[in-house]
Each structure stands twice: as C-alpha cells, then as structure tokens.
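**Student:** Handing you a structure now.
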Amino acid sequence: MDFTMALIIAESAVLLTLLSSVVPLFFLRRPYLQGRLSFLLLGISGLTACSGGGMALMLRTSEQMVLPIGLPWLHVFLRLDPLSGFFLFIVGLITFIAACYGPAYIREYIGGKLSIGPLTLFTGLFVGGMFLVLLAADAFSFMLAWELMSVASYFLVVFQHEKPENRHAAFIYLLMAVVGGAFLFLAYGVLAGFSDGFSFVAMKAAHLSPTWATIAFTFAFIGFGLKAGIVPLHVWLPLAHPVAPSHISAMMSGVMLKVAVYGFIRFVYDLLGNVTWQWGVVVLLVGSASAVLGVLYALMQHDLKRLLAYHSVENIGIIYIGLGLSMIFYATHHLEIAALALIAALYHCLNHALFKSLLFFGAGAILQQSRQHDMEKMGGLIKKMPVTAYCFLVGCISISALPPFNGFVSEWLTFQAALQGPLLKSGILGAMIPVAAAMLALTGALAAACFVKVYGIVFLGQARSPEILEAQDPSFGMQLSQILLAVCCLGFGIFPTWTVRAINGIPEGLLGTGLSSATDNGWLWLTPVNPQTASYGAPAVFFGILVCWLLVYVFLHPLRSDNRIRIAPAWDCGFGPLNSRMQYTASAFAMPIRRIFSFVWLIFEKVEPAGPGGRAHYILRIDDRLWLMLYVPIGKLMLKIAERTSYIQGGNLRVYLCYSFFTLLFLLWVIV
Amino acid sequence: MTGFLWAIAQTFCVVLAAPLMAGWVKWLKCRLQNRKGPPPWQPYRDLLRLSRKHVVLADTASPIFRMAPYIVFSVTILAVSTVPVITVQLPVAALADVIALVGFLALGRFFLSLAGMDVGTAFGGMGSSREVTIASLAEPALLMAFFTLAMNVSSTNLSTVICQLAQRDITLYPSLIFSSMGLILVAIAETGRIPIDNPATHLELTMIHEAIILEYSGRHLALMEWAAMLKLTLFSLLIVNVIVPWGVALTLVPGDLALAALIVTGKLLVWGMILAVSETIQAKMRLFRAPQYLGLAFILSLLGMMSHIILEV
C-alpha cells in the first residue's frame with residue numbers, strides 16, 4: 001500500500017511541475033509575482049519528487065500503474081522502483097534547491113527586454129519531462145517524455161536569443177537532441193520488434209538473438225550517450241551549458257545528464273539483460289576517453305561556465321567507467337563486484353549532481369554580480385563574496401575527489417572495483433582494467449589541478465578588472481541554495497555507509513545481488529569487498545583532520561603571549577609594488593599542462609610584436625580537435641547530399657502529396 | 001584500544017623525528033660536497049625560531065592563506081598516522097587505505113597551491129602552476145604503484161600489504177620490482193628533491209615548492225616547512241617499509257617493537273644516505289624534462305601491474 005503511495009506522490013510531483021509552468025502564465029503582467037509563483041510550485045514539486053523517490057528507494061519494491069490516457073491501444077504505463085526512485089530523488093533535490101536559487105537569479109531579467117514567460121513555462125515542462133522519463137514504463141511514453149525534456153530545454157538554452165552565439169549553441173543542441181532521439185527510437189524499435197507491445201514488461205520478456213541485442217545496445221549507447229555527453233558526442237555540452245541561465249545550466253548539467261545515464265542503465269540492465277563483456281569494454285573505453293579528454297579540455301578553458309561544462313563530460317566519463325566495470329563483472333558472473341561498480345557509478349551520479357549544481361550556482365552568482373564570465377578578468381572575489389567563495393571551495397574540493405568530501409567516496413569505490421580486475425582471468429580484460437584505473441587516476445589529478453586554477457584565479461589574488469570590485473554576495477535565496485548543496489557535499493562524503501545502504505536496493509533489483517558486505521561493519525566503516533581488503537572510515541577521517549588542526553593551533557599559540565599578526569605589503573622577493581597584471585593568468589597557469597599534452601588540442605599561438613606606440617598582443621586559440629575531425633566532415637557531407645537531392649524539392653504541393661502517398665504504399669507493402 | 005594508543009604514540013614520534021630526517025639528508029649532502037654543513041638537528045632550531053617570530057601577512061592575503069598551513073600540516077599528520085612504522089598491528093590503518101593516503105596528500109597539495117596563488121604575486125602563481133603540473137603526473141604513477149602492491153596481496157590496506165609482504169619468502173616478483181622503481185621515482189618528485197625540484201634554491205627559474213611558500217613567515221612558515229619535512233619522512237617510510245618490509249613488528253610485544261624501531265631507524269638512515277648521494281651526483285632537470293621522468297615512473301608502475309596480471313595471477 002505504501003508503495004502505490006510513493007508512485008502517487010511522484011505523479012503529483014509531475015502535476016505540480018505542469019502547474020508551475022502553466023499557472024504563472026496568468027500573471028504575465030506582473031513578472032515579479034509570476035517568477036515567484038513558478039519557483040514556489042517548482043520547489044514544492046521538487047520536494048514531493050524527492051520524498052516519493054526516497055520512499056521508493058527505501059521500501060525497495062516495484063509497483064506499476066496503468067493510466068487510461070493516451071491512444072486507445074497505447075495506455076501510459078508508469079512505474080516506480082528503486083532505480084527510478086534514486087534518480088527521482090536526485091532530480092527532485094536539485095529542482096528544489098534550484099527553485100530556492102531561481103527567484104533572485106531571474107531578477108535581472110525582470111524589467112529587461114525579455115519576458116520571463118517562456119522561462120517559467122519551459123522550466124516547468126523541462127522538469128516535468130525529466131520526472132516523466134524516470135517514471136515511464138513503456139517505450140511510447142518514455143520517448144514522449146524524453147522529447148518533452150529535450151525540446152523544453154532547447155527553449156531554455158535559447159532564452160537569451162538576442163545574441164547570435166546563443167542561437168548557434170541552441171541550434172547545435174537541438175540538432176544533437178534530434179539525432180539522439182532518432183537513435184533511441186531505433187533502439188526501442190528493435191526491442192519492440194521482438195516483443196508484443198511497447199511496455200517495458202513486454203520488452204523485458206522478449207528474446208533477442210545476440211546480434212540483435214548488440215544492435216539495440218549500440219543504438220541505445222549512441223542515443224543516450226548523445227544526451228549524456230560522452231566523447232566524441234559531447235560537442236553540444238560546452239556550447240549549450242554556458243549560454244543558458246545559470247540555474248538551468250545547473251539543472252542541465254547536474255540532472256539532465258543523469259537522466260540520460262538512468263535511461264542507459266534501464267535499457268541495458270533491465271530491458272536488454274544478458275549483458276556481454278564486449279559491451280562493458282566499449283563502455284569502459286569510451287568512459288575513460290571521456291574522463292581524460294573532458295578534464296584536459298576543461299583545463300584549457302577560461303570561460304567559467306564552459307569549463308564547468310567540460311567537467312561534466314569528465315564526470316560522465318567517470319560514471320561510464322563505473323558502469324563499464326560493472327557490465328564486465330556482470331557478464332563474467334562476479335555479481336558482488338558488479339554490484340560494487342554499479343553502486344560506485346550511481347553514487348557518482350548523486351555526487352556529480354550535487355557539486356556540479358553547486359559550482360554552476362557559484363558561477364551564476366559571479367555572473368550576476370560582476371557580469372563577467374571570463375576568468376581572466378576575475379580575481380580576489382573571496383573578499384567580496386565570502387559565502388559564495390567558501391561554498392565554491394567545497395564544490396572544488398568535492399569535484400577534485402579529495403577526502404573527506406563526497407567525490408572521493410565514489411572514486412574510491414570505482415578504484416576498489418577496478419582493483420578486483422585479476423578475478424577475471426582473461427588477458428584482454430585484465431589489461432584493459434588497469435588502463436582504465438590509470439586513466440581514472442590521471443583524471444582525478446588533472447581535475448584537482450584544474451580546480452586549483454579555477455579557485456586561485458577567480459577567488460584569490462587581486463581583482464583583474466574594475467567590475468569585480470563591485471561584486472558582493474548575492475541575495476539570501478542564492479546563498480541558501482549554495483550552502484545547502486555544500487552541506488550535502490560534506491554530508492554524503494562523511495556518511496557514505498548510509499548512502500551505500502540506501503542505494504543497495506538498485507543492484508539487488510537489477511543484478512539479483514546487493515553489496516551487503518559494504519555496510520556490515522557499522523556506520524563508521526565502508527568495506528566494499530571485505531574488511532581485510534579495504535576499508536574507509538570517513539567520519540573518523542573528518543574528525544581526525546579537525547582534531548589535528550585544533551591540536552596544532554593550540555600547540556602553536558601559547559608560545560608567545562601576543563600573537564598579533566602584522567599586515568604589510570606583499571614581499572615578493574622585494575621586487576617593488578605589485579599590481580594585478582603581474583599575477584599569473586588562467587592561461588599561464590595551465591601552460592605547462594598545455595605543453596605536456598599538446599597533442600590533444602589544436603593550438604594556435606601567436607605573438608604580434610608591438611608596433612610604434614602600440615602594445616604587443618598575444619593570441620591563443622585552442623580548438624576541439626574532435627570538432628574538426630568528426631563534425632566538420634559530417635557537416636560537409638550532409639550539405640553535399642542535400643545539394644544532390646534538392647532537385648526532388650520542386651515546391652509543388654501535389655508532388656509532395658505524391659511522395660507521401662507512395663511512401664505509405666511502400667510501407668504498407670513492407671508490413672503486410 | 002591499546003592499538004589506538006600505540007598508533008597515536010607512533011605518529012607523534014614520526015612527527016617529532018621528521019626534522020631530524022631532513023637535517024640528516026642535508027648534513028650528509030654537505031659532507032659529500034666537501035662542505036661543513038649545519039648539524040642534523042639544525043631544522044629543530046629553525047622551527048623553534050620561526051614559531052617564536054611574528055607573522056607578517058601580506059595585505060592582499062585572504063583567510064585561505066592563513067588556513068592553509070594548518071590544513072597542510074594536519075592532513076600530512078593524518079597521512080603519516082596511516083603508515084605502519086614499527087608495527088602492522090594498527091587499527092588506524094583501517095580508517096584510510098593507500099588510496100585515501102594519496103587523497104590526503106592531494107588535499108594538502110590543493111591547499112598549498114591555493115596558498116601560493118592567494119597573495120597575487122607572480123612567483124606564487126608560478127610555483128602553484130608547476131606544483132599542480134608535476135603532481136598531476138606524479139599522482140597517477142603513485143596510485144599505479146600502490147595498485148600493483150594492492151593487487152599482489154589483494155588489499156589496499158597498508159598494514160595488510162606490509163604484513164603480507166614481510167611474511168613472504170624472498171622471491172623475485174617482477175611486478176614488485178617495477179612498482180618499487182616507480183615508487184622511488186615518484187617519491188623523489190613528490191617530496192620536491194633533485195632532479196625535479198631543489199629544496200635549497202631560491203632562483204625563480206627553478207623553484208617550485210619554495211616559490212609557493214615565499215610569502216609565509218613566522219609560525220605559518222614553520223608549519224609549512226615542517227609539513228614538507230614530514231612528507232619527506234612519510235615517503236621515506238613508505239619506501240623502506242614497502243620495498244624492504246622485513247623488520248616491521250608483526251605483533252605488539254614490547255621487545256619486538258623496540259627491535260623494529262631500531263631497524264626502521266637504520267633503514268631510514270640508509271635511505272637518507274642514498275638520497276644524499278643521488279642528489280650530489282645529479283643536477284636538477286629543466287621543468288619540461290620532468291614529464292619524461294614522471295612518464296617513466298608511470299610506465300614502470302603500469303608495467304608492474306601488467307606483469308602482475310599476466311605473469312603472476
């Protein structure tokens with residue numbers, strides 16, 4: 001009985017999002033009220049979804065419901081099980097926090113040229129679409145919700161459409177979303193061909209030959225990968241995320257990518273079943289490539305939001321490494337380790353949602369306060385916006401996978417799964433897994449380097465432009481949402497056992513085995529395989545750092561009766577007065593890494609010497625190699641094909657009707 | 001409970017002895033270079049002098065700059081506390097395994113590099129940039145070396161690793177040889193020694209660690225210096241106890257512990273000599289040669305892991 005209640009709660013969350021998109025439209029004349037109302041309803045729906053998802057995750061049963069809407073022979077199937085409950089929890093949580101952040105953030109749009117009507121309308125539809133994707137239990141409603149999510153987010157990306165680069169970014173995004181949707185149609189189509197119906201239950205019962213299963217897997221991998229942003233399908237991400245309003249970027253990056261990961265897990269583990277290790281290898285390799293390339297590209301960015309978008313590619317890569325490991329172990333019947341790797345991937349989904357939203361919220365606060373998105377013009381913001389600065393620091397430490405914060409726990413679990421590689425007894429796989437572990441290690445270290453750069457350039461040092469001096473901490477709602485997320489990052493880092501125990505229901509449902517050993521030794525110890533193999537006592541580590549700090553402080557301070565600190569100009573080896581242009585810039589900071597990994601990017605570097613009375617100019621452009629290698633040729637090919645086939649486009653309506661008629665005839669002939 | 005007391009006592013001893021290790025290497029190096037050199041206990045005098053001095057803080061510094069020494073020092077202590085020094089019977093080692101150990105060091109480095117950028121001088125940013133570049137190559141190599149060890153004994157718990165290695169018969173394991181070589185190379189880079197960094201230089205073209213702590217003074221500088229010495233001792237301990245694990249006490253019997261303490265001291269002194277000799281006969285590398293050096297360390301560690309999987313499973 002309880003469980004149907006969870007589903008009903010989740011459905012009411014969907015209704016609330018739809019209300020939040022529609023109701024404010026009645027108050028178009030009063031934009032202030034309109035924004036408030038929309039975010040209020042959105043916040044409530046987020047909390048509702050959060051509680052519904054949490055209930056489903058805790059109760060660990062699965063129940064489905066058929067809604068008598070839709071086409072007569074195609075009812076809408078909804079279902080809530082621990083997997084969708086977990087993702088519903090993530091989406092709901094971030095939606096709620098974004099709703100706290102939103103009202104103050106959109107204040108700058110109110111009174112501007114743009115009406116916020118589209119923003120409130122499509123935010124509600126976007127969130128509602130995501131909820132529905134998670135609840136859908138038949139291919140038809142899944143695809144409908146999926147497209148709703150894609151299209152609504154397109155309108156959010158293009159919201160500030162007066163700038164041509166925003167329109168360009170949104171167009172690329174829409175294009176990729178359409179292609180991704182087409183691949184998903186094909187993937188579900190293959191499954192539907194072998195089953196008697198569109199519902200997931202029927203698809204699960206279908207028997208596919210290994211060839212057809214691999215074909216379906218390939219389509220799903222590309223389709224969901226396009227939305228998740230794996231390399232080389234990531235190109236829309238760094239374009240679309242920076243131009244959307246910041247709370248939308250946070251939700252797209254933190255949450256929408258996770259919905260794609262959910263779709264992939266649902267499709268592969270639940271609908272296809274019979275995972276083969278070859279699929280796992282593909283996922284593992286693509287994940288490793290995404291992780292390393294994502295972080296390397298991020299290092300070269302100096303637009304803060306674009307940098308964060310590239311880090312999403314990296315983190316999706318880390319999630320896919322976990323999934324790949326899990327699939328390999330699952331296919332070779334090491335179910336406990338498969339469960340461990342799956343839990344690691346899911347835990348990282350949660351962590352990434354938390355810290356990436358936190359970082360985007362911080363970037364949004366800076367953008368609102370200083371109208372700057374270029375890191376080279378920031379600096380010294382920790383003195384101007386302390387609350388944002390400390391929350392952002394928490395986000396930086398978490399995303400760099402440093403203990404005792406949450407990012408470390410999920411990477412630690414992934415490493416522990418990878419270290420069980422020798423169980424596999426196969427040369428190829430045995431060699432593959434250490435390489436993936438090495439890539440993950442490299443990714444972690446480079447991410448830390450990147451966030452030292454971000455924090456050092458943006459928040460420390462001296463201001464590099466006058467606008468930065470006028471910045472101050474944003475209003476209460478924006479501060480609150482950042483503090484909430486920072487607390488979550490610390491909480492999920494210090495108490496991993498509780499989280500792992502809660503997630504454990506998902507592998508129990510999908511793989512048939514959970515990872516009860518991980519949390520058998522009490523709340524203090526996380527022991528993924530057994531206590532002798534590895535253990536991590538996160539609360540004790542946190543406590544240890546605090547105690548050491550306190551002891552050192554107490555020990556050092558009584559030595560002198562007066563511990564005054566003298567403030568003086570910086571010494572800098574006695575080189576005379578400093579100014580802000582003498583500091584290291586973001587590009588200079590990343591220069592050694594740019595030289596070491598120079599084969600990854602297309603680097604255009606040029607120094608224009610100073611003319612008479614002028615200044616010298618240093619020009620540096622770093623391009624995505626994949627864009628030129630993959631997308632430009634495809635684009636050219638498409639144009640060529642379009643040119644060749646354009647003669648059938650005569651402009652005559654009757655000819656077009658003829659085309660439709662003969663296509664229909666052809667299809668009828670094929671089917672009957 | 002006694003285990004925890006032993007662990008705290010052991011950590012305390014290592015923290016106190018760390019300046020001596022640094023002083024010992026420095027004294028030996030001076031002797032090898034025909035200089036008289038300060039006595040090995042000179043670092044204690046320096047630390048005491050620094051901790052008595054006033055702190056002079058740059059006017060552009062933020063609270064991060066003042067927090068960083070305490071955080072760097074604390075996490076280094078925490079990292080030391082997880083390393084078995086004289087005995088493997090430590091409950092602390094279960095709190096954090098080798099991956100967490102690498103994580104602690106990375107957390108310390110994160111704050112160290114932030115501190116370098118905080119004041120807004122050119123030197124600080126330069127030092128931080130170089131530090132994170134070197135670290136981003138050294139850390140994966142270090143993790144790979146540890147992973148090879150971990151796969152060998154199927155545990156990432158450092159106590160278990162050392163315990164099992166010490167109990168094995170002396171046979172040649174290719175994986176252990178490769179990963180040990182990788183570990184030594186990384187240890188030299190991570191502790192800022194020649195040929196990657198030179199702890200004795202203040203020349204702007206070459207310095208890394210010294211550039212970061214240039215603006216520190218008084219007790220903050222003392223903490224930063226002490227943390228660096230502690231890190232040197234930590235890596236020395238890792239090398240001597242992992243590569244030559246014999247002599248570490250497997251029980252908590254006082255007699256064994258005393259013997260183990262003697263043996264560990266001896267091993268550390270010998271490692272100090274090796275370090276001093278290697279620093280005397282080598283010159284510092286150019287910064288952009290460092291990737292090759294660290295790449296070698298990475299490849300060695302990876303080879304170790306491959307050879308474990310292919311030859312030894």
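**Student:** Any residue in the range A:320-338 that is surrounded by 24 or more Cβ atoms within 10 Å (Cβ to Cβ) and either among the basic types (Lys, Arg) or not in a helix (DSSP H, G or I) (or both)?
**Tutor:** For the range A:320-338, residues surrounded by 24 or more Cβ atoms within 10 Å (Cβ to Cβ) and either among the basic types (Lys, Arg) or not in a helix (DSSP H, G or I) (or both): absent.
**Student:** I would also like to ask the following. Looking at the range A:97-119, which of its residues are hydrophobic (A, V, I, L, M, F, W, C) and surrounded by fewer than 21 Cβ atoms within 10 Å (Cβ to Cβ)?
**Tutor:** The first filter runs over the range A:97-119 and keeps only residues hydrophobic (A, V, I, L, M, F, W, C), leaving A:97-100, A:104, A:106, A:110, A:114, A:116, A:119.
Selection gives A:ILE110, A:LEU114.
**Student:** List, please: which pairs have Cβ atoms under 6 Å, are six or more places apart or on different chains, and start with a residue in the range A:372-399 that is within 12 Å of another protein chain (Cβ to nearest Cβ) and end with one that is among the hydroxyl-bearing types (Ser, Thr, Tyr) and in a helix (DSSP H, G or I)?
**Tutor:** Listed pairs, sorted by first residue: A:CYS396/A:TYR455.
**Student:** Check off (1) more than 42 Å from the chain's Cα centre (by Cα); (2) of a type in the set (D, E, K, R); (3) more than 14 Å from every other protein chain (Cβ to nearest Cβ) for A:ARG564 and give me the number that stays unchecked.
**Tutor:** (3)
**Student:** Right, something else. Pairs needed: first member in the range A:581-600, closer than 19 Å to A:GLU376 by Cβ; second member anywhere, outside any helix (DSSP H, G or I) and among the polar types (S, T, N, Q); C-beta distance under 7 Å; at least 6 residues apart or different chains.
**Tutor:** If the second residue must be outside any helix (DSSP H, G or I) and among the polar types (S, T, N, Q), the pairs left are A:GLN583/A:GLN462.
**Student:** Give the range A:322-342 a look and list any residue that's in contact with a Leu (Cβ under 6 Å, 6 or more places away or on another chain) and either under 21 Å from A:PHE492 (Cα atoms) or basic (Lys, Arg) (or both), or say none.
**Tutor:** A:ALA339, A:LEU340, A:ALA341
**Student:** Let me ask something additional. Any residue that is more than 11 Å from chain A (Cβ to nearest Cβ), without any contact (Cβ under 8 Å) to a residue 12 or more places away in the chain and touching a helix residue (DSSP H, G or I) at 6+ places or on another chain (Cβ under 6 Å) - is there at least one of those in the range B:48-70?
**Tutor:** No - not one qualifying residue is present in the range B:48-70.
**Student:** Just wondering, is there one or more residues in the range B:90-105 that are part of a loop (DSSP other than H, G, I, E, B), more than 29 Å from B:ILE309 (Cα to Cα) and touching a Pro at 6+ places or on another chain (Cβ under 9 Å)?
**Tutor:** Yes, because at least one residue in the range B:90-105 is part of a loop (DSSP other than H, G, I, E, B), more than 29 Å from B:ILE309 (Cα to Cα) and touching a Pro at 6+ places or on another chain (Cβ under 9 Å).
**Student:** Continuing with the same structure: Just to be sure I understand, how many residues within the range A:303-319 are more than 14 Å from the chain's Cα centre (by Cα) and crowded, with 24+ Cβ neighbours inside 10 Å?
**Tutor:** Count: 1.
**Student:** Which ones in the range B:81-118 are small (Gly, Ala, Ser), in contact with a Phe, Trp or Tyr (Cβ under 8 Å, 6 or more places away or on another chain) and within 7 Å of another protein chain (Cβ to nearest Cβ)?
**Tutor:** If the condition is that a residue be small (Gly, Ala, Ser), in contact with a Phe, Trp or Tyr (Cβ under 8 Å, 6 or more places away or on another chain) and within 7 Å of another protein chain (Cβ to nearest Cβ), then B:ALA94, B:ALA96, B:ALA100, B:GLY103 are the ones that fit.
**Student:** Answer yes if at least one residue in the range A:599-607 is in a loop (DSSP other than H, G, I, E, B), surrounded by 10 or more Cβ atoms within 10 Å (Cβ to Cβ) and among the hydrophobic types (A, V, I, L, M, F, W, C), and no otherwise.
**Tutor:** For the range A:599-607, residues in a loop (DSSP other than H, G, I, E, B), surrounded by 10 or more Cβ atoms within 10 Å (Cβ to Cβ) and among the hydrophobic types (A, V, I, L, M, F, W, C): present.
**Student:** While we're on this one: Looking at (1) away from chain A (no Cβ under 14 Å); (2) under 23 Å from B:ALA141 (Cβ atoms); (3) not β-branched (Val, Ile, Thr), which is the one condition that is false for B:LEU294?
**Tutor:** (1)
**Student:** Are any residues in the range B:39-55 assigned to a loop (DSSP other than H, G, I, E, B) and of a type outside the set (Phe, Trp, Tyr), and if so, which ones?
**Tutor:** Scanning the range B:39-55 gives B:PRO39, B:PRO40, B:LYS53, B:HIS54.
**Student:** If you go through the range A:506-543 one residue at a time, how many are in contact with a Pro (Cβ under 6 Å, 6 or more places away or on another chain) and assigned to a helix (DSSP H, G or I)?
**Tutor:** Here the count works out to 6.
**Student:** Additional query: Please give the helices (runs of 4 or more DSSP H) falling wholly within the range A:403-484 in which 3 or more residues are more than 7 Å from chain B (Cβ to nearest Cβ) and buried (at least 24 other Cβ atoms within 10 Å of the Cβ).
**Tutor:** So the answer is A:406-418, A:427-458.
**Student:** Kindly indicate which of B:LYS267, B:LYS284 is closer than 27 Å to A:ASP572 by Cα, touching a residue at least 24 places away in the same chain (Cβ under 8 Å) and of a type in the set (D, E, K, R).
**Tutor:** B:LYS284
Any read-out appearing in this document is the output of simple, stated calculations on the displayed coordinates, not a laboratory observation. Just so it is clear, the model here is predicted, and its values are computed rather than measured. Quick reminder, even Gly has a Cβ in these numbers, built from the backbone with ideal geometry, and neighbours come from all protein chains shown.
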